[in-house]
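As structure tokens, the structure follows; a few thoughts come after it.
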Amino acid sequence: MPVIPGAPAPQRAPRAAQTEEERMSHPLQLAFTPQRAVRPAYGSGGRTIRVKANWFKVECSISEAYHYDVHIAGATPRDAPEKPPPEKDPKAAQRPLPAEICRAAMVQLSEKLKWPAGYWAFDGRKNMYAPFTQLVPKDELTDEVTVELEGEGRPRRLSVVIRRVDIIPIRSLQAFLKGQDEELAYHAIQALDVVLKHRVSYNQDCLAVGRGFFFHDQNVRSIGGGAEVWLGYQQSLRPCQTGLALNVDMAATAMLEPMELIDYMHEKIGDVQGRGLTPVQTRILMRALKGIKVVAKHNKFKKAIRSVCRGSPFEEKFLNEAAGKEMSVADYFNQQYGIKLQNRTMPCIAVGNGKVLLPPELCKIAPGQRRSKLTEIQTAEMIKTAAQRPDDKAKWIDSVVTQKAQFDRDPNMKGFGLRIENKQMEVAARVLPNPRLTYASPANFNPKGFGAWNLRDVRFLTGSQMASWGIACFAHPRFAEPDLCQMQANRGPSFIKEFIDMLNSCGVQTPTNPLPPCIMAPRNAAPAEIMRRAADAARQTFNRPAQLILVVLPDTGQQLYKEVKQASDSMLGVPSQCVVAKKAGIGFPARGRPQYCANVAMKVNAKLDGCNVRLSEGMPQLAPPIGARPFMVFGADVTHPMGGEDMPSIAAVVGSMDASATRYAARVSMQSGRQEIVANLKDMVKELLVEFHKVTRGRKPEHLIFFRDGVSEGQFKEVYYSEYSAVREACKEMGDPDADYAPPITFVVVQKRHHTRLFPLPQDQQNRDRSGNIMPGTVVDGAITHPFEFDFYLNSHAGIQGTSRPTKYHVLVDENKFGADALQGLIYKMCYLFCRCTRSISVVPAAQYAHLAAFRGRVLCRGGDSETGSVSSGGGGGAGIEFLPVNSALSKQMFYV
């Protein structure tokens with residue numbers, strides 16, 4: 001259905017009343033039931049254009065499919081004597097066999113029972129779908145098959161039990177698309193998703209992971225350190241305004257290189273040169289090798305590494321029961337296989353159950369294994385390999401659909417009544433006008449149409465006063481001192497002179513005499529002590545408490561940075577600004593120092609309660625529903641520990657403290673690992689409301705806009721009930737006992753982890769930026785968006801590398817009644833106000849500030865493995881972890897930027 005700019009959105013049937021069970025399952029829910037926002041109308045602002053989206057239309061003609069539960073397990077030999085089953089871990093007993101084994105078993109079964117190709121689809125674990133019932137007579141079958149996999153010593157005898165569990169009403173999708181059902185028929189989407197992935201999952205050169213498919217072909221690239229990148233694609237079936245569509249995007253994953261194990265070990269610990277391994281090297285190998293599957297050269301068996309032994313094959317001994325004596329691993333291989341081992345330095349590895357010892361020189365890393373953790377260098381190389389310009393990515397997507405997915409040759413398409421168009425959808429879009437900005441000078445600044453500008457001849461709107469500050473230097477004092485302690489260095493003006501000059505030229509009033517005291521850190525000095533000394537020296541020099549500590553770091557290492565921020569943000573309550581010596585030209589040749597100093601000056605001004613820039617338009621023009629009344633913009637995010645870490649999650653909420661929504665106070669808290677819902681949201685929001693009340697001298701916000709980052713669609717309902725209600729409860733507790741304070745709330749979920757990409761049309765050279773991406777301000781709210789809920793895609797930033805990813809905004813509640821144009825325009829223009837750069841950014845600043853505050857909270861965790869990193873929204877976690885609270889002196893400052 002074509003989208004007409006400014007036209008009303010399609011109507012949908014009213015939602016069913018909430019059940020008692022739903023009400024009881026959400027204890028925070030209020031007495032009234034808030035209404036999920038439906039699309040008020042399509043936006044009409046901006047210039048209308050056409051763009052290409054990586055979505056492919058899907059037609060489905062079947063009305064139902066049959067869902068079967070599949071249970072595959074090891075079969076007991078018929079002639080085996082009966083004996084009591086061994087005690088097993090209950091969770092392990094319920095866990096399906098690996099997908100590789102399950103898929104092989106289903107192929108054997110389908111051939112044995114002569115199932116027709118294209119009329120069954122299996123997800124590799126427990127679910128099978130068929131378009132009719134004849135495959136499984138009487139709705140259940142039990143059979144046995146024999147599976148022989150490469151690298152296993154003998155064939156596996158497997159039992160396969162298939163039972164029908166449901167009839168999936170595929171037609172319910174059509175009803176949902178017309179707005180006639182309350183909930184999306186998720187089971188129907190899951191069934192068709194499995195059908196679309198079935199054929200490629202059985203490709204021997206393909207690794208299927210979740211929704212992604214990665215190929216070992218000519219596009220494989222090494223990224224060093226024993227890792228390589230496999231390219232492929234991911235696909236997802238989605239309901240949208242035009243019906244069903246398949247979203248296809250390029251994907252990349254890091255894999256282990258299939259190489260000699262001995263070489264991989266050298267990659268990790270270097271050349272041992274004839275001496276034994278140190279305990280540290282042994283621990284490094286243990287972390288690097290555990291779980292990796294290797295293929296033994298002498299018998300081709302494939303086993304996973306369980307541990308690393310202490311000694312080499314010439315030192316490790318075991319009792320050879322067949323020979324009736326103890327012997328070394330090296331002697332065993334010489335006697336049993338005639339293999340004379342050479343390497344006397346690298347330790348043996350224990351594989352399988354840990355009882356089998358193998359010399360590393362007889363092992364190769366098995367192909368097809370994913371690599372989870374990468375170094376900074378490997379990550380950079382991977383990004384470089386995967387990044388593609390928009391036109392190249394669009395061609396790549398077309399090629400994988402025709403050459404890799406090959407839906408036109410897939411028998412399952414015919415068997416399940418599916419048809420997929422082989423060209424990407426062309427959709428209507430609009431380019432919103434860019435805002436005008438107000439600095440102290442110039443007062444009316446035009447950032448032009450490419451979303452980036454610079455600070456040449458610009459003064460911050462509200463410059464702060466930095467009357468007392470000190471320097472803590474952890475770089476080499478011999479080289480750093482001339483750049484930090486005097487106005488003239490060996491190669492010209494020193495860093496400190498250029499930095500102070502830049503601060504003053506931008507409007508941050510900074511004394512030039514005396515220079516800030518500089519504390520040089522001795523080797524192995526405690527960072528917290530150096531920070532305290534820098535703060536004390538600033539007080540003595542300027543006769544007032546330190547407002548900021550400039551920290552010079554020798555490199556980008558995380559541990560020192562972590563200890564510095566713990567000292568400044570929690571122990572001292574003084575903001576710190578870190579610079580890396582080489583990037584700042586401290587003790588190094590000064591390249592691009594003016595731009596570097598300008599970027600640091602923006603952060604310093606924000607941390608000292610200054611305001612860099614605001615929008616020229618006032619809120620009455622930007623957001624008519626709010627007008628001139630006081631309002632608050634909130635942002636919230638949760639960061640989670642990396643896979644395998646037993647660490648807590650960190651939640652952060654930020655709230656605006658001024659009428660231009662440029663200054664944000666933050667509250668950070670620790671919660672259970674991998675819990676996405678913000679557990680302490682009510683108290684955090686209440687604290688920020690109180691802070692706003694103090695800053696504005698007794699005023700309460702009359703309108704709230706809440707941006708929630710990092711939530712997937714499957715969590716919308718929980719966020720809707722739990723977090724929206726928590727915000728409402730926080731407001732209720734702020735009111736007078738006899739007056740209910742209930743400002744209208746607009747609650748928006750911000751999503752970056754999606755795979756929609758928008759491309760300029762090949763013939764359209766006008767509506768693309770310098771990188772070949774769509775222009776900043778490009779918005780799409782039809783065709784590929786939700787059939788009736790209020791969502792849109794907004795590309796608010798200029799492309800730098802690769803293809804830009806638009807941000808998806810999904811409005812769960814809109815009590816302020818913004819409408820499409822007002823909310824889209826407000827969000828886009830706010831993206832120009834991020835305090836750390838002179839660019840429009842890709843997400844609304846409130847969400848980005850919450851993201852930064854949550855990661856700063858991760859830095860404030862002490863103990864455990866918190867220094868290993870984290871990932872943004874995505875076990876218990878947190879045993880023995882101490883969370884250092886943010887110092888109360890920073891309660892309203894942007895210390896986290």
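The values are calculated or read from the model by the stated rules, or taken from the named source; none is laboratory data. Source: prediction; values computed, not measured. With ideal geometry, Cβ positions are generated from the backbone for all residues, glycine too; neighbour counts draw on all protein chains shown. SASA here: full protein model, heavy atoms, side chains in, ligands and nucleic acids out. Shrake-Rupley method; radii C 1.70, N 1.55, O 1.52, S 1.80 Å.
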With every protein chain in place, the chain: carbon and sulfur % of accessible area (1.4 Å): 49 percent
Within the chain, helix-based [θ] at 222 nm, where runs of 4 or more DSSP H residues each add -39,500 (n - 2.57), nearest 500: -7500 deg cm²/dmol
Residue 41 paired with residue 142, simple spin-label distance in nm, labels 7 Å along Cα-to-beta-carbon: 6.5 nm
Label-point separation in nm, residue 156 to residue 304, each point 7 Å along Cα→Cβ: 1.2 nm
Karplus (6.51, -1.76, 1.60) ³J(HN,Hα), θ = phi - 60°, over segment 68-74, in Hz, Gly and Pro reported as x: 10, 8, 10, 10, 10, 8, x
Per-pair calculated FRET efficiency, R0 = 56 Å: residue 513 and residue 100 via Cβ, rounded to 0.05: 0.20
Label-to-label distance, nm, for residues given as residue 771 and residue 321 (7 Å Cα→Cβ offset): 6.3 nm
Cα-only radius of gyration and Dmax that characterise the chain, units Å: 30.8, 94
P(r) tail fraction, segment 216-287 - alpha-carbon pairs more than 18 Å apart, %: 59 percent
Residue 617 accessible area, assembled protein chains, probe 1.4 Å, Å²: 80 Å²
From phi via Karplus (6.51, -1.76, 1.60), per-residue ³J(HN,Hα) for segment 144-154 in Hz, x at Gly/Pro: 10, 9, 10, 10, 10, 10, 4, x, 9, x, 9
Cα centroid of segment 232-264 to Cα centroid of segment 546-580, whole Å: 39 Å
Amide H contacts under 5 Å for residue 555, placed H, 5+ residues apart: 581
At R0 = 45 Å, FRET efficiency that the Cβ-Cβ distance of residue 696 and residue 209 yields, to 0.05: 0.35
Kirkwood Rh in Å, taken over segment 463-608 so that all alpha-carbon pairs contribute: 14.9 Å
Greater than 20 Å apart at Cα, pairs in 565/892; 126/355; 178/414; 384/565; 268/583: 126/355; 178/414; 384/565; 268/583
Rounded accessible area per residue of the chain, 1.4 Å, Å²: 45 Å²
Net lengthening on full extension, residue 862/residue 753 (0.36 nm per residue, minus Cα-Cα): 36.3 nm
List 883, 747, 450, ordered by accessible area with a 1.4 Å probe, largest first: 450, 883, 747
Segment 559-609 - Debye-derived log10 I(q)/I(0), Cα point model, q = 0.28, 0.31, 0.32 Å⁻¹: -1.03, -1.08, -1.09
Amide H contacts under 5 Å for residue 812, placed H, 5+ residues apart: 747, 748, 749
Rounded to whole Hz, the Karplus (6.51, -1.76, 1.60) HN-Hα couplings of segment 622-633, x for glycine and proline: 6, 9, x, x, 8, x, 8, 6, x, 8, 10, 10
Amide hydrogen neighbours beyond the local backbone of residue 507, cut-off 5 Å, H modeled: 460
